[in-house]
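Trainee: Just dropping this structure here.
Read-outs throughout are calculated quantities, based only on the coordinates presented, and are distinct from any laboratory measurement. Quick caveat, the model's predicted, so the values are computed rather than measured. Ideal geometry is used to build each Cβ from the backbone, glycine not excepted, and the neighbour counts take in all protein chains shown.
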């Protein structure tokens with residue numbers, strides 16, 4: 001599994017890094033054309049798109065992840081895939097009708113003005129197109145076809161970004177151009193992913209399989225809503241208690257902080273299908289523990305680098321009106337990472353304990369909601385970031401504890417805790433240094449290197465220490481070798 005994971009994660013990761021890197025390069029362009037309020041609108045439509053994505057199709061895509069690896073034949077796999085596709089299309093068709101009819105109330109709810117109804121309608125093709133695309137792309141992922149998955153994602157993002165730049169920068173149609181451009185990318189992605197996955201689908205719907213999948217995924221809908229609340233309640237609190245301009249500043253800080261999620265793209269894309277395929281193998285828990293230790297080392301280094309260089313990065317990337325967004329990066333970088341680390345806690349999904357997953361996520365969402373509406377009036381956008389970090393850490397901790405009960409993995413928690421505390425201490429020292437001075441930049445770089453070296457000294461980087469012989473289980477390198 002380890003060799004396949006490393007290969008697949010490299011494919012997923014490289015594609016994701018290319019897409020996110022181009023997106024980040026757009027920040028200096030957009031911040032000089034769009035206002036902080038426009039950026040706030042983009043964030044709210046992004047929130048709405050994500051919410052629709054986890055509710056309209058009742059998370060049927062997560063059922064694909066669980067049932068496809070256990071299917072005994074191509075016919076059975078096709079039955080599962082087809083049921084998921086037609087159910088998704090029917091759900092989005094019904095949603096489209098309702099969204100058009102209630103466009104004005106949606107605009108009032110999302111954007112504080114029914115006069116912004118046209119923006120909701122312009123964003124609708126993006127909302128629907130992205131949901132259908134991710135279902136088709138997930139089919140490729142869970143069929144263990146990482147190259148096709150990555151290429152279809154690159155087509156979606158590449159064409160979407162190019163079209164958005166044309167509409168916003170060249171034609172100057174404003175924030176609507178962002179949504180129209182991304183919708184064009186979604187349609188292109190659907191065409192490519194659908195062409196590759198077409199042999200997996202058939203016209204008939206196996207309602208027995210569909211009911212089986214819905215029984216699995218339905219409890220995950222409140223769970224996913226809980227995740228969405230945990231991820232986005234900070235924006236809602238800022239919108240309600242502060243201004244759309246403040247939300248725009250927060251959005252810039254979040255985009256810088258979300259660079260850490262580049263690390264998870266490869267891990268998340270490759271790890272989940274491999275775990276579901278190999279979880280019965282006795283060596284899988286040990287390999288998962290080694291992958292997690294390696295991940296923690298890279299994650300701590302990247303989070304620390306973003307935290308200590310937040311001021312420099314935001315000043316380099318954005319117009320002066322957005323520079324205050326740097327204050328949330330040190331809190332949002334680890335929060336964004338923790339929110340995606342559930343892939344390292346697969347026990348509940350393996351055991352099909354979806355109700356427990358839902359309860360954990362809803363608990364975290366409630367905590368984050370209470371903290372957001374308490375801390376934002378006191379600390380501004382920094383309060384929103386702090387509540388997001390606490391909520392994400394709580395969900396990850398509870399998920400890992402519950403996962404270990406059903407699928408124990410021998411993680412090195414003591415060494416991981418020491419490395420994390422050391423990283424926090426290094427950040428406190430680095431945060432006292434001035435922004436932009438060359439001497440400060442050099443010292444900050446040295447401190448980040450020290451943090452990574454400490455992780456290596458603690459033995460967290462242990463993947464290269466073991467090898468897998470062609471015919472058997474993993475053995476320590478240098479033992480049992482001639």
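Trainee: So what is the orientation-averaged projected area of region 31-218, using the convex hull of its C-alpha atoms, in nm²?
Mentor: 11.0
Trainee: Something else: Suppose each label sits 7 Å from its Cα in the direction of the beta carbon; what would the residue 316-residue 441 distance come out to in nanometres?
Mentor: 0.7
Trainee: Further question: Could you give the nm distance between label points at residue 169 and residue 115, where each point is 7 Å from its Cα heading toward the beta carbon?
Mentor: 3.1
Trainee: While we're on this one: When the helices in the chain are scored as -39500 (n - 2.57) per DSSP H run of 4 or longer and the sum is shared across all residues, what 222 nm value do you end up with, to the nearest 500 deg cm²/dmol?
Mentor: Theoretical 222 nm ellipticity from helices: -25500 deg cm²/dmol.
Trainee: Let me ask you something else. Can you give the log10 of the normalised intensity I(q)/I(0) at q = 0.07, 0.11, 0.13 Å⁻¹, computed with Debye over equal Cα scatterers of the chain?
Mentor: Once normalised to I(0) and log-transformed, intensities are -0.37, -0.96, -1.39.
Trainee: Right, another one. Hey, with R₀ at 25 Å, roughly what FRET efficiency would residue 429 and residue 374 work out to, going by the Cβ-Cβ distance, to 0.05?
Mentor: Plugging the Cβ-Cβ distance into 1/(1 + (r/R0)^6) gives 0.25.
Trainee: Please give the contour-minus-distance gain from residue 401 to residue 94: 0.36 nm per residue of separation, less the Cα-Cα distance, rounded to one decimal in nm.
Mentor: Details: separation 307, 0.36 × 307 = 110.52 nm, distance 3.89 nm.
Full extension from residue 401 to residue 94 adds 106.6 nm.
Trainee: Subtracting the Cα-Cα distance from 0.36 nm times the residue separation, let me have the gained length for residue 25 to residue 108 in nm, one decimal.
Mentor: Between residue 25 and residue 108, full extension yields an extra 26.7 nm.
Trainee: Between region 299-322 and region 192-221, how many Å separate their Cα centres?
Mentor: That distance is 41 Å.
Trainee: A further question on this structure: Between residue 202 and residue 417, what is the label-point separation in nm under the 7 Å Cα-to-beta-carbon projection?
Mentor: 5.4
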